[in-house]
């Protein structure tokens, strides 16, 4: 599906990977590898969540790391996003999107967790949970 | 059968909406009747309503914007008159009415006045400047426009069927929750904004893809006109910010319709979350509005000084800087909500920093003008007017960025002065400048200079007279959105401001007169060659108006200012470049998909507002069916024959050869 | 004006990663000056941008959830409500469906109609299985008084997970339409573009699901 211009320097469409040796849409081994890795990471996440061995406050961080790894597996093996110059537009767009997502989520958590300067002192634990960070 | 809708929804007991609604209805009937009598329906349907041509869609967007600006302005007139009359007196608008008016004023001005105007200009100009035939997704473009029109229609229907929101242009919770706003007003707001929001998002995707993936050969990123760079930044912001608006309003909708507790006062809801989320959209939104205006000014300052834009690369850097940083400042809209000093300071510093980008642009414009041969045509006047007003408005913004100052000035008239200063002086002046600058390109004749200049001077005087008193009033302690005034000391300023509205009204009248007189005298004002302003970018190489396919042969760009070099070479050689080899051109087919989709969107929205559930389902099915029918078509393009292309382009070349010959003789 | 055809390795004599103008001996033009991209690239890139905007929309719901996760209003919280077995099944369904979707894309590029339709059907069935499990979960929660009206936490939960579910429904509708289109029109260029867009969409849904199980179910369970 990747069409070449006369000099073969065309960008790659998202989802198609590099124009060139790999050809189109990747091949079966790529997808199978991706499936195996993703399944492994999912399994690990469930293990970590239930784990007695890992220090409790570190569990959220571990889960996030595993999630990021899994998303990476999806991006590379299923969506064929690479760091080559023919994928520059695709990766830059992705980076911009990630930047916004991080800002919105962590910005909101930071702001909302601090919005107690105009509030009366809180008595009940349930009320205080309103400002507790989920992480 | 009809949900909550019954005859009590029509405001027979309220004279103002009744009179306004009747007047609009009569005007509409008049226009439709005139079209019918002249037999223009076929032309309108084939050439405009079903058009997927970016130029036609751009014009329709601008027309929608202009009409809605008039509606928003009439709301403003009522507000100013009310505040002038209601000093220790009741005024003529009861609170429940006045609240709807200021809410409608803001909503319409931003969502249905400025946004369509700005998007329309980008739609029209960007493909021409990039040297391409249309945007990336022409049918999607049509859908986007008609969805925006659908939202505008719903808001206007609220005037005569039901009521509008009373919550301001951003419906803060918990006031906007069902408990405190049980009527249909907030629902009208929610659905019209959601529907038009989809249209805007699609438009953003369209223009980003066009600018990044479709440019003439040789037009690298650093050879794009500045307007295309600012259009890129603005549309990137649309793509990144509008989904947040969609999500937040969806949460409010879930609260109102299904009893969720996102922003309610009870069951753990957090109304402050609404402010946080809505402003993380709201701040990028104002940059979405101003960035294209900055681009327009870059084009105008360079063209009317006869010099290339000064500091092109730093302008690009400043634009991208503003684009990114605009996402990191949103808390400055609610410094007083109680986030504490750390958080306030961080966002306050970010807000001050973002002014640097604008500062870079202003200095670059000044250096562009310096040493140039300045022509004071109307677009240049608007640009200079912008320069003066925007700097003041921007500085008041930097003042507000200081949290301790903001604690005094938040939601005061000082704030109202600031944002009107920058939006009217920035966005609107830019839109008017762009409209006059590109009008000849779109329609083939220039606008009347005399009326244009009058419009400018009256508008500038009006803007200053209305909004400078607001700064004073804000510092004296007056808050915004007051239905009645209890402080007599504010009277002189309120009177001055109301007189300013009268001056602005004269300006508006001059704008309308400019259009009417120009249309009546269009032969005298005809743009023969397509290059009335001695332009520098590719759109001025086409005829006025350009043919459907824009360029007979795709341009090959070899330097910055794609058209200027070509033109200078032709003048020097005293002849045009050789006639190119023409080929047949394929253009996308017109389709009623956009119009029909928007029709179903309107009925869906109306049905949701009034709880007419069967109509919701029927409308959604209709929309899906429209989509499937469109997706099933086999022929997406028509061909323009090579003879026709040759004929059209030879006419263009002949006009330019005539101009060259004239230049030689002179 | 056009550069000669050359295999990729030789054409890039300069460093392909250098920013700005590509200064190499061949005098070749900068990457961004090549003229417009092909229709398939334009379409897929536009859809990619749309997907990123959709992910930003999800982040709004994620942010709300994160802020409201503690606001249980005296009602049940995540650890008492979430059934991890169900989540494992749902994840399995969706992950597998991503794989089968990839298989269908490969079959489509090889223009094998029957295989493409079969893989698409399997994808759809797995997606429907996921939806069935999710709807069952919602019904169960509502029946035991833990519906979205109970507390802000549950509102956030139902909206976030529900938003993902609505996207899956839309995806299945799209999938069905694509299966019909391929059947009737074959692997025409525009049908292929839409199929590739669908693939992007379906994989992105699985990426969102990864974030969802992590932040909602696993973290909720681990509290």
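In region C:29-51, which residues are in contact with a helix residue (DSSP H, G or I) (Cβ under 9 Å, 6 or more places away or on another chain) and at the interface with chain B (Cβ under 7 Å from one of its Cβ atoms)?
Hits for region C:29-51 are C:30, C:32, C:33, C:36, C:37, C:41, C:42, C:45, C:46, C:49, C:50.
Yes or no, residue by residue, for (1) over 17 Å from the mean Cα position of the chain (by Cα); (2) farther than 18 Å from residue A:46 by Cα:
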{"position": "C:83", "(1), (2)": "yes, no"}
{"position": "C:87", "(1), (2)": "yes, no"}
{"position": "C:98", "(1), (2)": "no, yes"}
{"position": "C:102", "(1), (2)": "no, yes"}
{"position": "C:105", "(1), (2)": "no, yes"}
{"position": "C:112", "(1), (2)": "yes, yes"}
{"position": "C:118", "(1), (2)": "yes, yes"}
{"position": "C:123", "(1), (2)": "no, yes"}
{"position": "C:127", "(1), (2)": "no, yes"}
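Take the residues in region A:81-92 that are buried (at least 21 other Cβ atoms within 10 Å of the Cβ) and within 9 Å of chain C (Cβ to nearest Cβ), then tell me which one is nearest to the chain's Cα centre (by Cα).
Checked region A:81-92; the qualifying residue nearest to the chain's Cα centre (by Cα) is A:90.
Being in a helix (DSSP H, G or I) and either surrounded by 18 or more Cβ atoms within 10 Å (Cβ to Cβ) or touching a strand residue (DSSP E or B) at 6+ places or on another chain (Cβ under 7 Å) (or both) is true for just one of B:533, B:540. Which residue is that? Don't jump to the end; show me each part of the working.
On the way: B:533 fails: in a helix (DSSP H, G or I).
Checking each option against the conditions leaves just B:540.
For region A:45-80, which residues satisfy the criterion of being more than 9 Å from every other protein chain (Cβ to nearest Cβ), within 16 Å of the chain's Cα centre (by Cα) and farther than 24 Å from residue A:12 by Cβ?
A:61, A:62, A:65
What is the number of the single condition among (1) closer than 20 Å to residue B:65 by Cα; (2) surrounded by 24 or more Cβ atoms within 10 Å (Cβ to Cβ) that residue B:156 does not meet?
Going through the list (1) closer than 20 Å to residue B:65 by Cα; (2) surrounded by 24 or more Cβ atoms within 10 Å (Cβ to Cβ), residue B:156 breaks only (2).
Looking for something at pLDDT below 95, within 13 Å of another protein chain (Cβ to nearest Cβ) and buried (at least 18 other Cβ atoms within 10 Å of the Cβ) - is there at least one such residue anywhere in region C:108-120?
yes
Would you please list the contacts, defined by Cβ atoms under 7 Å and residues six or more apart or on different chains, that run from a residue in region A:77-97 that is closer than 23 Å to residue A:32 by Cβ to a residue that is at pLDDT 90 or above and surrounded by fewer than 17 Cβ atoms within 10 Å (Cβ to Cβ)?
Pairs found: A:77/A:33; A:81/A:91; A:83/A:91.
Can you tell me how many residues in region C:110-147 are under 25 Å from residue C:180 (Cβ atoms), part of a loop (DSSP other than H, G, I, E, B) and in contact (Cβ under 8 Å) with a residue 40 or more places away in the chain?
1
Regarding residue B:503, is this residue under 30 Å from residue B:106 (Cα atoms) and in contact with a strand residue (DSSP E or B) (Cβ under 8 Å, 6 or more places away or on another chain)? I'd like the intermediate steps shown before the answer.
Working: under 30 Å from residue B:106 (Cα atoms): yes; in contact with a strand residue (DSSP E or B) (Cβ under 8 Å, 6 or more places away or on another chain): no.
So residue B:503 does not fit the description; no.
Being under 25 Å from residue B:411 (Cβ atoms) and either in contact (Cβ under 8 Å) with a residue 40 or more places away in the chain or surrounded by 21 or more Cβ atoms within 10 Å (Cβ to Cβ) (or both): is that true of residue B:229 here?
Answer is no for this residue.
Within region B:249-256, identify whether any single residue is more than 7 Å from chain C (Cβ to nearest Cβ), over 30 Å from residue B:290 (Cα atoms) and modelled with pLDDT under 95, and answer yes or no. I'd like the intermediate steps shown before the answer.
As a first pass, look at region B:249-256 and keep what is more than 7 Å from chain C (Cβ to nearest Cβ): B:249-250, B:252-253, B:255-256.
Now drop any that are not over 30 Å from residue B:290 (Cα atoms), which leaves B:255-256.
Filter again for modelled with pLDDT under 95, leaving none.
Within region B:249-256, none of the residues are more than 7 Å from chain C (Cβ to nearest Cβ), over 30 Å from residue B:290 (Cα atoms) and modelled with pLDDT under 95.
Considering only region C:170-194, state which residues are facing chain A (nearest Cβ under 10 Å) and buried (at least 21 other Cβ atoms within 10 Å of the Cβ).
Residues satisfying the conditions do not exist here.
The values are calculated or read from the model by the stated rules, or taken from the named source; none is laboratory data. All of these numbers come straight from a predicted model, not from anything done at the bench. As a convention, Cβ positions derive from the backbone with ideal geometry for all residues, glycine included, and neighbour counts pool all protein chains shown.
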